[in-house]
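Computed from the coordinates by the stated procedures, all read-outs in this text should not be read as laboratory data. Nothing here was measured: the structure is a model prediction, and the numbers come from that model. Glycine gets a Cβ as well: all are built from the backbone with ideal geometry, and neighbour counts include every protein chain shown.
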Amino acid sequence: MTEHSPFALEFKDPSREVERAVAELRFGRPIILEDRSRALAVLALDAVSPALYDQFASVVGQKHELFLTRNRAEKLGITRASDIVAPLRNVSFHQASELAYTPGTKHLSAWRKANELESASAELASTALLLPAMVCAEVERDDKRFSSCCTLDHAQLSASSNVRQSFQIVARTPVPLETFGYADFVVFRGGLAQKDQVAIVVGKPDVSKPVPIRIHSSCITGDLCGSLKCDCGDQLRNGLDLLAKAGGGVLLYLDQEGRGTGIGAKMRAYGFQHRGMDTIDADAQLGFGADHRRYEAAVAMLKLLNIDEVIVYTNNPTKIAALSDAGILVHARSAVTGRVTSENEFYLRTKTARAGHMLDVDALIAAE
Ligand SMILES: Nc1nc2c(ncn2[C@@H]2O[C@H](COP(=O)(O)OP(=O)(O)OP(=O)(O)O)[C@@H](O)[C@H]2O)c(=O)[nH]1
Ligand SMILES: [Zn+2]
């Protein structure tokens, strides 16, 4: 345990250091990520300006390299199932961006397998909701040229993981909903570099019995604007309806836009889907895996609401597994569906075929 001086305010715990590094990357500034043997200057390509990219390249004498995940590497024709790093000497910002996330780019002449530190830098980008494409350069420890940059020890990244489960309730207030009458909105704060999360308590669920719950990931396009490209808006409203009909329950509305990749990445991926790609391949072009959501917040929220046994409204087996793995007893699973539209049918079929969702799209169409 760190000893704190009674005469100073100290914020030296690992999670604060990680959050600082994440914020720096989001603002397009370099950080230094180091372990016992080396130091890596890192920029997130998604956030950096072309001018700072050029400046970084010249400061490190054109020895900068581009980290790409194995998902992106596969799209560049490299099928060795590892994260990779490619040299960027004399590669412009525009060309680097093409390598990182433009479909159809094939001109990667040289690359090597990424090391652990380089892969860890992409983990930070993912926490910052940025694309996992990093501009890296190995530098000396305590390199004066980067003295004004935030430095993060790799060990602090793993040491901060317990914070992901740490939440507290900030407010609990009833809100009158058009269809359901008053529902309590409970706001939770905590986690690692996370926004506030919300639980909507419909009716008066009895926590001494299995509580009906829905874990819903935010979808600005579907939930808010009625986009026809997905089933989220319907699932949100039908989910609340099912909880009310079950005699009361809790909907956890998680800040996990774009399956945890963020709205920026999701809209880039939508652009690729307009060209015919499915939802998973579109994300892979950007370097992402099939699903980046984490459920520590959901588990912490349930525990703070004194809920440890549930009936879950979902078609997604990953959500059930995440709850069970965290010690929440899942008594049953119930389906929650939406309308099938010509715009979302391919998306729904992809979720079933490639992400194991328990959804019979043909039966839904037949029932309409
Ligand atoms: N990256 C990406 N995310 C998408 C796309 N379409 C929808 N999403 C996101 O997918 C998530 C869907 O959330 P949910 O409806 O809670 O989850 P689900 O995995 O469908 O599971 P259930 O609805 O519980 O069956 C939300 O975070 C959406 O923002 C897409 O094409 N690309
Ligand atoms: Zn959606």
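Compute the signed sum of charges (Lys and Arg +1, Asp and Glu -1) over the other residues within less than 12 Å, Cβ to Cβ, of ALA155. Result for the local shell: -4. Restriction of the chymotrypsin sites (Phe, Trp or Tyr not before Pro) in segment 27-74 to DSSP coil positions whose beta-carbon has at most 15 other beta-carbons within 10 angstrom yields PHE27. Label-to-label distance, SER37 versus SER334, with points set 7 angstrom from Cα along the beta-carbon direction: 5.6 nm.
Seen from every direction in turn and averaged, the convex hull around the alpha carbons of the chain projects onto 21.1 nm². For the cross-link pairs LYS204/LYS266; LYS106/LYS351; LYS195/LYS266; LYS303/LYS351; LYS12/LYS319, the ones whose C-alpha atoms lie over 24 Å apart are LYS204/LYS266; LYS106/LYS351; LYS303/LYS351; LYS12/LYS319.
Counted residue by residue at 0.36 nm each, then reduced by the alpha carbon distance between them, the extension gain from SER109 to ASP308 reaches 66.3 nm. With the convex hull drawn around the C-alpha atoms of segment 1-135, the volume per residue stands at 131 Å³. A dipole drawn for the chain from +1 and -1 charges on Cβ atoms has a positive end, and of VAL85, ALA110, SER218 the residue lying farthest that way is ALA110.
Label sites at ALA8 and ASP255, each approximated as a point 7 angstrom past Cα along Cα to Cβ, lie 3.0 nm apart. Averaging the Cα positions of each part gives two centres, and for segment 144-221 and segment 33-84 these lie 31 Å apart. For segment 104-227, the relative contact order comes to 14 percent (Cα pairs under 8 Å, sequence separation of at least 6). In this Cβ point-charge picture (+1 for Lys and Arg, -1 for Asp and Glu), the chain has a dipole of about 340 debye about its Cα centre. Between GLU368 and GLN168, residue separation times 0.36 nm minus the direct Cα-Cα distance comes to 67.7 nm. The SER148 and SER342 beta-carbon pair, evaluated with R₀ = 30 Å, returns a calculated FRET efficiency of approximately 0.05. If R0 equals 25 Å, the separation of the Cβ atoms of ARG275 and ARG80 corresponds to a calculated FRET efficiency of about 0.40. With the convex hull constructed from alpha-carbon coordinates only, segment 210-276 shows a mean projected area of 5.0 nm² over all directions. Quick check of the Kirkwood formula: for segment 217-368, what is the inverse mean of 1/r over all pairs of different Cα atoms, in Å? When all Cα pairs of segment 217-368 are included, the Kirkwood radius is 16.2 Å.
Between GLU98 and ALA321, the FRET efficiency from the beta-carbon distance, with R0 = 41 Å, is close to 0.65. When both bridge partners sit in the chain, DSSP labels roughly 70% of those beta bridges antiparallel. Set Lys and Arg Cβ to +1 and Asp and Glu Cβ to -1, take the dipole of segment 14-159 about its Cα centre, and tell me which of PHE56, LEU76, LEU124 lies farthest positive. Looking along the dipole axis, the top candidate is LEU76.
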